[in-house]
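Enquirer: Below you will find the structure I want to go over with you.
What follows draws every value from the coordinates through simple rules; no lab data is involved. Computed from a prediction, not measured in an experiment: that's the story for all the values here. Using ideal geometry, Cβ is built from the backbone for each residue, glycine included, and neighbour counts are taken over all protein chains shown.
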Amino acid sequence: MDSATINTITASVTGLDVQAIRRQFPVLQRLVKDMPLVYLDNAATAQKPAMVIDALSHYYTYYNANIHRGIHSLAEEATAAYEATRDTVQWFIGAAFREEIIFTRGTTEGINLVAYTWGRANVGKGDEILISAMEHHSNIVPWQILCEEKGARLQVIPVNDAGELNMDAYESLLNDKTKLVAVTHVSNALGTVNPVRRLIDAAHRVGAVVLIDGAQSTVHLDINVQAMDCDFFAFSAHKLYGPTGIGVLYGKKQLLELMPVFHGGGEMIKEVTFEKTTYNELPYKFEAGTPNIADTIAFKMALDFIGSIGKERIRNHENELLQYATAQLETIQGLRIIGRAKEKTSLVSFVIDQVHPQDIGILLDNKGIAVRTGHHCAQPLMHRFGIPGTIRASFAVYNTKEEIDALTEALEKAIKLLI
Ligand SMILES: Cc1ncc(COP(=O)(O)O)c(C=O)c1O
């Protein structure tokens, strides 16, 4: 199939003009190995619409300036654009106050911020931190470091064969020593959507604080941190059609106010003397140094892009792709889907008998198809399923059923070649 064919097919019956959406993504017009790019690695990072790319260039072309400190026009324009993103994020995740939106480099930095500040102040010897067996390494390692430093214990909620959390085991692991529950909203390796409201309510009953890793959920699901009642929520812009190097840590204001600072430097201070430093108000207390101004400004365009289509329409389209891909892949002999949760976002992880995932990845790339292979930064989860890794196809708003057909066809050919 040539790129014109893929781009002229409107794949969905959900009322979404996928063709028009695809035209907003310059990279989708390119060829890879002389084939039209079929980009199915969206859970790793999503492609960027022209409005995001243009916002970066526009900032550097017309109003590049450092923010907050300047009184000249460029500094004022840059500050206004940077702070406008904070307002949009507040609206996007339903936070009560704009000061609760802390800009970070991404999910990883947001989780580390909580581990190094809230964690160091609140976790002690004999305390417990509860994570799940489906966490990304970003939501494991910071807690391991904290537990080692403090003599605390890391406890793990088990996952069943379908890839769902064992909620009975979770409830029995909670106790008065549990200081923090840190769980992913959506598994990057399985697509499982976790029942976060239930997890949070149960954790709060024993007085534990809850951090939700929203890296994989924020682009697909409606997020309202107040309705969810999480204490912290971390995510990355690059998985929401935004730039890399910018993310958000949401925290409840009363918690953030009590937390010690993270990085020391400019911007996060009120007054510095050699004897004593006093710290800035929220959110600047946690935003030391010159931030990632251009990417933060462009991030607003990504959120506007999502808003212009509407999360519900995006979700309907992606659900349709998930159902279709699951049905198509199941027709392939020897293919086993890992992750059969009732609630899933639009990704399919699978293994194929007698074939190494990486070999499949290389053969698919020869057809211009980008998927992810390996452990997906979730090695403990791979151990749980007794596999070294999976092949993961993950879908975004611009993907089509024709691309899933291209994947299925290429997989069948690759398997014939390899076995
Ligand atoms: C569930 C989950 N958590 C955390 C991360 C880390 O995100 P980042 O690398 O953007 O900090 C990812 C990235 O894939 C993820 O999928």
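Enquirer: Against the longest principal axis of the chain, how steep is helix 401-418, in degrees 0 to 90 to the nearest 10, with axes from Cα atoms?
Expert: 70
Enquirer: Counting only other residues whose beta carbon sits under 14 Å from that of residue 395, what net charge do I get with K and R as +1, D and E as -1?
Expert: Within the 14 Å Cβ shell, the charges total +1.
Enquirer: In sequence order, what are the phi-derived ³J(HN,Hα) couplings for the stretch 254-269 according to the Karplus relation 6.51 cos²θ - 1.76 cosθ + 1.60 with θ = phi - 60°, rounded to whole Hz, with x for glycine and proline?
Expert: 5, 6, 4, 5, 7, 6, x, 6, 9, 8, x, x, x, 6, 8, 10
Enquirer: By how many degrees, 0 to 90 and rounded to 10, does the Cα axis of helix 141-150 deviate from the longest principal axis of the chain?
Expert: Around 40 degrees separate the two axes.
Enquirer: Based on the alpha-carbon gyration tensor of the stretch 164-308, what equivalent-ellipsoid semi-axes (square roots of 5 times the eigenvalues) come out, in whole Å, largest first?
Expert: Here the semi-axes work out to 30, 23, 11 Å.
Enquirer: Now, a different point. Estimate the FRET efficiency between residue 271 and residue 161 by the formula 1/(1 + (r/R0)^6), using the beta-carbon distance for r and 51 Å for R0, to the nearest 0.05.
Expert: Efficiency computed from Cβ-Cβ geometry: 0.35.
Enquirer: Can you sort 365, 222 by how many other beta carbons sit within 10 Å, fewest first?
Expert: In order of increasing Cβ crowding within 10 Å: 222, 365.
Enquirer: For a Förster distance of 56 Å, can you work out the FRET efficiency between the beta-carbons of residue 204 and residue 353, rounded to the nearest 0.05?
Expert: My answer for the efficiency is 0.80.
Enquirer: Setting aside same-chain residues fewer than 8 positions from residue 177, which lysines have a Cα under 20 Å from its Cα?
Expert: 125, 150
Enquirer: Also: As a test, work out the antiparallel percent of DSSP beta bridges whose residues both lie in the chain, rounded to the nearest 5.
Expert: So the antiparallel bridges amount to about 60 percent of the total.
Enquirer: Can I ask one more? For the stretch 241-303, just list the percent of Cα-Cα distances falling in each 10 Å bin from zero outward, please.
Expert: 20, 42, 30, 7, 1
Enquirer: Please find the FRET efficiency linking residue 153 to residue 229, where r is the Cβ-Cβ separation and R0 is fixed at 22 Å, and quote it to the nearest 0.05.
Expert: Numbers: r = 25 Å, r/R0 = 1.15.
Step by step, r from the Cβ atoms, then E = 0.30.
Enquirer: Kindly provide the helix-only [θ] at 222 nm of the chain, computed as the sum of -39,500 (n - 2.57) over DSSP H runs of four or more divided by all residues, to the nearest 500 deg cm²/dmol?
Expert: On the way: 15 runs with 158 residues, N = 419.
Estimated from H runs of four or more residues: -11500 deg cm²/dmol.
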